[in-house]
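The values are calculated or read from the model by the stated rules, or taken from the named source; none is laboratory data. The shown structure was predicted, so the numbers you read here are calculated from the model rather than taken from an experiment. Here the Cβ positions follow ideal geometry from the backbone for every residue, glycine too, while neighbour counts run over all protein chains shown.
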Amino acid sequence: MVSRIIPVDPFDLIIFGGTGDLARRKILPGLFRRFCAGQMPNNARIIGAARSTLSAEQYKAQIGTAISEFGNVTGNQAKQLNAFLAQLDYVKIDVKGEDGWRNLASKVRKNFVNAHYFSVAPSLFGDIAKRLNHWQIATPDSRIVVEKPFGRDLESSQKLNASLAAQFDEGQIYRIDHYLGKETVQNLMAVRFGNVLFEPLWNAQYIDHIQITVAETVGVGGRGAYYDTSGAMRDMVQNHLMQLLCLIAMEPPARFDPDAVRDEKLKVIRALGDVKPHEIVRGQYDGALDAQSYRQDVENPRSFTESYLCLKAHIENWRWSGVPFYLRTGKKLKERSSEIAIVFKKLPHSIFKDSGEAKNNVLAIRLQPNEGMTMDVTIKEPGPGGMRLIQLPLDMTFSEVLGDTAHDAPDAYERLIMDVIRGNQTLFMRGDEVEAAWTWTDPIINAWEARNDVPKIYETGSSGPDDANLLMDRDGRQWRDIT
Ligand code: BG6
C-alpha cells in the first residue's frame, strides 16, 4: 500500500524555546521527517527563537546534531539534512522583555501561514502572546501552539486560558496532547464510526468494562523537579488518559470536524462522576536490585508523589451507566505497553455447556508498541473429539497488514504540527475541555492531599502495587497483563 503525501502550504514556524529539549528531540526531528517525506514545502521556514546568543549558522549546526542524535535518520534522509537546515533561521529573543522582537518581526512573512510554537514554561505563554500582537507579528490567521501542563488545577488553567484568550481567538490556539496524534488513537475513531459492526454494541448493554493502560518502563528522566510537583494524575491522567477515555465514550459526532468532535468529548468529561478514595490506588516505585528509587530519582527523600495511578471512573449517562472505566498508568513498570481494552459482557446463555466456559470477547486497541487491534473471539478447536471451545484473537497488527505504510506513518508530533499548518484543530484540546478535566481531577487530588495519602510502594520492573489488583478483585475482574 502506498501512502499519499499532501504537501502543506508554505509557512513560517517560529519555535520559542527553539534550543530546548522538546525542540531538539521532537519538534525539529519531526519536521525533518516531514521534509524528507515531501510534505514540507521548500519555501517554508522555521525560526528558532531563544535566549542564547547564536548565529543562524550555529543554530543550524546545533539542530543538525540533534536531528542526527534523536531523529532515527536513515541513510537516504541524511543526504537531505543540509537542504532542510537551509530552511532554518535563528533569533535571539527575550520573551519577557523587548530585545529581539523587532528582528523577529522583520523576518516573519505576513503573506504566509505563520505559526508560533510556545515550547517554553507555561508561565511565559502570556508574555509571548502579548508581544506577538504588540510587535504586530501575529495576523488574524496566525496560530499558536502550546504544550501541557495547562495549569496544575482548575484555577491555574483558567488563568492560563484567560492570558491566551486576551490575545488570540480560541480558533487560533492549538493545545497539543500528543496522544491525540498517535496513529492508533485516530484509528479508534475510524473503527467506531467507520464500521457498522461496533457501534450497536458500544454501550452498557453489551460492554462489561473498559481498561485503559499506559505503562512505561522509563522513570522521570531529567524532569524530576517538574514531575515531583505533578505526579501521574496531573502528568498523564488529566490529559492523555482522559483524551483516550473521551474518544471511547463520546457520542458519534455529526461530522468529523473540530468542534463537533470536541463538543462530544466535553460532554463525556462533564458526565464523569466522583471517584471514591477506595477506587484509587497511588503507587511509587522503589528500587529493585541496584535500581534507584523514585525518591532518589527526584532527589526528594520525603516525596509522596505518585509515579503510578489506577482508578475506577464512572460516566454518568445513559450509554455508560454501570460500566466502569479502569484507568492505569505508571513509570518504571515491567513493559512499555499502552492499550485500550473493551471487554464485552458474557453470553446471556451458552448452548455449549460441556465445552468449556465461554470467555468475554475483548477488543484490544494497542497504542504502542506493535500498533494494531485484536478481537478475541471464541471458536471451535479444530479437529475431532466433539465441540471444544477456544478463544483466539483476530489479529490486525498494522505492521503486518499494512507493511511499509504503517512503518512510515508520521509520529504524533509530526502529524500534529502539520495539522497546525493546515488549520485543523480536531486533534487539539479546546480550553473548555482542559478546564472540565481539571474540574474532575481537582477534588480527587484535594482529597488525597487532605488526608496525607501515602502512595503504595511497588518494585521497579513490576506491574505496579499489589493494591491495584485488589481494586479489580473487589469487582470480580482482572487487569490485563502488561505485555
Ligand atoms: C508526557 C509525559 O506527556 O508523555 C511523560 O509528561 C510521559 O511523563 C510521556 O513519559 C509519554 O509519552 P509516550 O508518547 O512516550 O507514551
Looking only at the stretch 211-221, decide whether some residue is outside any loop (DSSP other than H, G, I, E, B) and either over 21 Å from the mean Cα position of the chain (by Cα) or more than 16 Å from the ligand (Cβ to nearest atom) (or both). yes
Check N114, N72, N82 and return the single one that is among the polar types (S, T, N, Q), surrounded by fewer than 14 Cβ atoms within 10 Å (Cβ to Cβ) and in contact (Cβ under 8 Å) with a residue 24 or more places away in the chain. N72
In the stretch 405-424, what count of residues is obtained for those that are within 15 Å of the chain's Cα centre (by Cα), modelled with pLDDT of 90 or more and not hydrophobic (A, V, I, L, M, F, W, C)? 3
Can you find, within the stretch 225-236, the residue that is nearest to P324 (Cα to Cα) among those that are in a helix (DSSP H, G or I) and more than 11 Å from the ligand (Cβ to nearest atom)? M233
Members of the stretch 333-366 that are within 16 Å of the ligand (Cβ to nearest atom) and either among the basic types (K, R) or buried (at least 19 other Cβ atoms within 10 Å of the Cβ) (or both): L333, K334, R336, S337, S338, E339, I340, I365, R366
Considering only residues that are of a type in the set (D, E, K, R) and surrounded by fewer than 20 Cβ atoms within 10 Å (Cβ to Cβ), which ones fall in the stretch 367-376? D376
Looking only at helices (runs of 4 or more DSSP H) that fall completely inside the stretch 1-102, which ones have 2 or more residues that are touching a strand residue (DSSP E or B) at 6+ places or on another chain (Cβ under 6 Å)? 56-70
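Do we find that N187 is of a type in the set (S, T, N, Q) and either near the ligand (Cβ under 9 Å from one of its atoms) or in a helix (DSSP H, G or I) (or both) in this structure? Give the steps one after another, and end with the answer.
Details: of a type in the set (S, T, N, Q): yes; either near the ligand (Cβ under 9 Å from one of its atoms) or in a helix (DSSP H, G or I) (or both): yes.
In short, yes.
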Which members of the stretch 367-404 meet the condition of being of a type in the set (A, V, I, L, M), away from the ligand (no atom under 16 Å from the Cβ) and under 24 Å from T217 (Cα atoms)? M373
Tally time: how many residues in the stretch 407-437 are part of a loop (DSSP other than H, G, I, E, B) and farther than 12 Å from I176 by Cβ? 8
Given the criterion away from the ligand (no atom under 16 Å from the Cβ) and either crowded, with 18+ Cβ neighbours inside 10 Å or at pLDDT 95 or above (or both), identify the matching residue among L197, L180, L201. L201
Return yes when E414 is among the acidic types (D, E), within 29 Å of Q205 (Cβ to Cβ) and in contact with a helix residue (DSSP H, G or I) (Cβ under 8 Å, 6 or more places away or on another chain) and no when it is not. no
Residue list for the stretch 140-184, filter: of a type in the set (D, E, K, R), closer than 19 Å to I417 by Cα and assigned to a helix (DSSP H, G or I): E170, E183
Output the number of residues of the stretch 256-297 satisfying the condition of being part of a loop (DSSP other than H, G, I, E, B) and either over 20 Å from S462 (Cβ atoms) or modelled with pLDDT of 95 or more (or both). 7
